[in-house]
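Before any comments, here is the structure.
The values are calculated or read from the model by the stated rules, or taken from the named source; none is laboratory data. If you're wondering where the values come from, they're calculated on a predicted model, not measured in any experiment. Reconstructed Cβ throughout: ideal geometry from the backbone, glycine too, with neighbour counts over all protein chains shown.
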Ligand SMILES: Cc1cc2nc3c(=O)[nH]c(=O)nc-3n(C[C@H](O)[C@H](O)[C@H](O)COP(=O)(O)OP(=O)(O)OC[C@H]3O[C@@H](n4cnc5c(N)ncnc54)[C@H](O)[C@@H]3O)c2cc1C
């Protein structure tokens with residue numbers, strides 16, 4: 001049986017960053033991915049530049065199709081507010097957002113892990129893991145139908161929201177699932193449209209109950225999407241109703257910015273998002289199996305972003321294993337995320353319940369965009385911002 005120091009399951013940002021970090025530190029690392037790379041990933045592809053602090057060698061010119069420095073907000077397609085993420089004369093790019101295509105970005109990160117010494121095998125689906133005193137046995141199946149049994153000292157489950165590692169390792173917990181959809185619409189920025197900017201993300205709040213819709217600029221297309229981020233509300237809108245609600249919002253949003261598209265020709269993707277739902281055990285007691293990224297439900301409950309957190313948790317997971325501290329991984333994650341995401345969850349409940357009023361008294365203030373960008377990249381913490389923001393908006397509402 002093949003023997004590895006570490007097997008990482010899933011080559012999204014969590015898995016590839018973990019594999020790179022572990023391989024760099026000298027662990028014999030195998031990265032397994034069930035799809036054939038490059039592969040589509042349902043996502044908006046907005047990535048805070050802060051990712052560069054986790055993986056400083058990343059070359060934005062390869063992965064970032066656009067660099068965003070503005071946000072354009074609307075409420076029910078009206079009351080537009082365009083504001084910079086940093087003050088306009090600032091030379092500081094730390095709040096910029098990279099607009100990536102996940103097929104390119106994820107492939108780049110997987111190849112980066114290979115450059116650091118990890119072995120990548122795509123087209124291999126992990127079916128289950130068995131944890132024993134002498135290590136972990138990973139049972140996998142190739143696309144060609146070949147079964148393999150691999151042995152490893154450690155396993156990182158970075159296999160996303162529907163991954164098998166959590167279940168197989170006894171690390172399952174009840175998650176708060178949100179739902180989002182996206183479509184890639186071909187677009188040229190030279191068609192005279194005066195609303196859409198290639199240096200701005202466009203965010204619409206009133207079109208989706210308990211959520212928002214977005215238009216993100218990419219090189220030759222727009223990523224158009226919508227999500228419902230209050231799981232309780234989403235439960236009332238199962239199946240077709242949910243799909244129709246999101247699709248309607250996306251269609252109306254595009255019309256409102258003056259772009260008519262043939263929706264029948266576009267491929268629409270939907271995917272669940274595991275929002276942070278509080279502290280849970282993310283490693284087996286012996287510290288051999290760890291969960292990272294969406295598999296650990298590390299999606300920000302307010303914005304619904306998960307890439308930076310996936311990457312950060314992947315790095316923490318690898319660091320814990322490299323230093324022989326896998327048993328302490330859950331604590332390491334909680335000290336990095338728990339208070340901040342708990343505060344974000346409180347703000348999300350408030351925000352998605354009173355969105356119109358929050359728009360009027362919060363989002364439409366120019367400083368709100370700057371704060372949102374600081375929260376997105378981790379320069380500001382929800383623990384510092386959420387309570388104050390809710391108090392201020394409540395006070396304005398009661399006047
Ligand atoms: C519509 C939508 C829009 C979003 N937009 C944004 C955004 O703009 N910015 C942002 O930061 N976040 C966004 N997110 C969230 C973001 O996509 C996720 O949080 C992020 O991809 C999590 O990364 P990950 O590495 O944990 O998991 P994933 O990216 O899901 O990667 C998991 C990998 O594991 C593989 N895998 C699964 N099971 C197995 C198995 N059994 N064996 C082997 N491999 C397996 C999968 O094929 C996949 O490649 C969005 C999500 C959705 C649904």
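Could you list, in sequence order, the residues of the stretch 363-386 that are more than 24 Å from the chain's Cα centre (by Cα) and farther than 17 Å from residue 86 by Cβ?
Matches in the stretch 363-386: 364 only.
How about the stretch 53-82: which of its residues are more than 14 Å from the ligand (Cβ to nearest atom) and in a helix (DSSP H, G or I)? Quick ask: steps written out before the conclusion?
Looking only at the stretch 53-82, we keep the residues that are more than 14 Å from the ligand (Cβ to nearest atom), and these are 53, 56-62, 67, 69-70, 72-82.
Once the filter is applied, which keeps residues that are more than 14 Å from the ligand (Cβ to nearest atom) and in a helix (DSSP H, G or I), the stretch 53-82 yields 53, 60, 61, 62.
If the requirement is being in the same structural domain as residue 49 (by TED's automatic domain parsing) and part of a strand (DSSP E or B), which of these qualifies: 140, 166, 113?
140
What are the residues in the stretch 83-114 that are surrounded by 15 or more Cβ atoms within 10 Å (Cβ to Cβ) and closer than 30 Å to residue 365 by Cα, if any?
83, 84, 85, 86, 94, 95, 96, 97, 98, 99, 100
Given the criteria farther than 19 Å from residue 47 by Cβ and within 11 Å of the ligand (Cβ to nearest atom), does residue 246 qualify?
Spelling it out, residue 246 is indeed farther than 19 Å from residue 47 by Cβ and within 11 Å of the ligand (Cβ to nearest atom).
In the set 178, 200, which member is farther than 26 Å from residue 21 by Cα, in contact (Cβ under 8 Å) with a residue 40 or more places away in the chain and in contact with a helix residue (DSSP H, G or I) (Cβ under 7 Å, 6 or more places away or on another chain)? Break it down stepwise before answering.
Working: 200 fails: in contact with a helix residue (DSSP H, G or I) (Cβ under 7 Å, 6 or more places away or on another chain).
Checking each option against the conditions leaves just 178.
Return the residue satisfying two criteria in turn: it lies in the stretch 130-174 and is in contact with a helix residue (DSSP H, G or I) (Cβ under 7 Å, 6 or more places away or on another chain) and over 18 Å from residue 327 (Cα atoms), and of such residues it is farthest from the ligand (Cβ to nearest atom).
161
Can we say residue 225 is outside any helix (DSSP H, G or I), free of Cβ contacts under 8 Å to residues at least 12 places away in the same chain and assigned by TED's automatic domain parsing to the domain that holds residue 266?
Criteria not met by residue 225.
Could you list, in sequence order, all residues of the stretch 250-303 that are buried (at least 24 other Cβ atoms within 10 Å of the Cβ) and in a loop (DSSP other than H, G, I, E, B)?
Of everything in the stretch 250-303, those that are buried (at least 24 other Cβ atoms within 10 Å of the Cβ) and in a loop (DSSP other than H, G, I, E, B) turn out to be 276, 282, 292, 297, 298, 301, 302.
Before we move on, is residue 340 without any contact (Cβ under 8 Å) to a residue 24 or more places away in the chain, more than 9 Å from the ligand (Cβ to nearest atom) and either out of contact with any strand residue (DSSP E or B) (no Cβ under 8 Å at 6 or more places or on another chain) or under 23 Å from residue 233 (Cβ atoms) (or both)?
no
Collect the residues in the stretch 365-384 that are more than 21 Å from residue 98 (Cα to Cα) and at pLDDT 95 or above, keeping them in residue-number order.
382, 383, 384
Could you list, in sequence order, the residues of the stretch 1-49 that are closer than 14 Å to residue 121 by Cα and within 6 Å of the ligand (Cβ to nearest atom)?
9, 10, 11, 12, 15, 32, 33, 34, 35
If we keep just the residues of the stretch 304-330 that are within 11 Å of the ligand (Cβ to nearest atom) and in a loop (DSSP other than H, G, I, E, B), which is surrounded by the most Cβ atoms within 10 Å (Cβ to Cβ)?
It comes out as 306.
Exactly one condition in (1) crowded, with 22+ Cβ neighbours inside 10 Å; (2) more than 14 Å from the ligand (Cβ to nearest atom); (3) within 30 Å of residue 8 (Cα to Cα) is not met by residue 204; state its number.
Every listed condition holds for residue 204 apart from (3).
Find the residue count for the stretch 5-20, including only residues that are touching a strand residue (DSSP E or B) at 6+ places or on another chain (Cβ under 9 Å) and either part of a helix (DSSP H, G or I) or more than 17 Å from residue 324 (Cα to Cα) (or both).
Adding up the residues that qualify gives 11.
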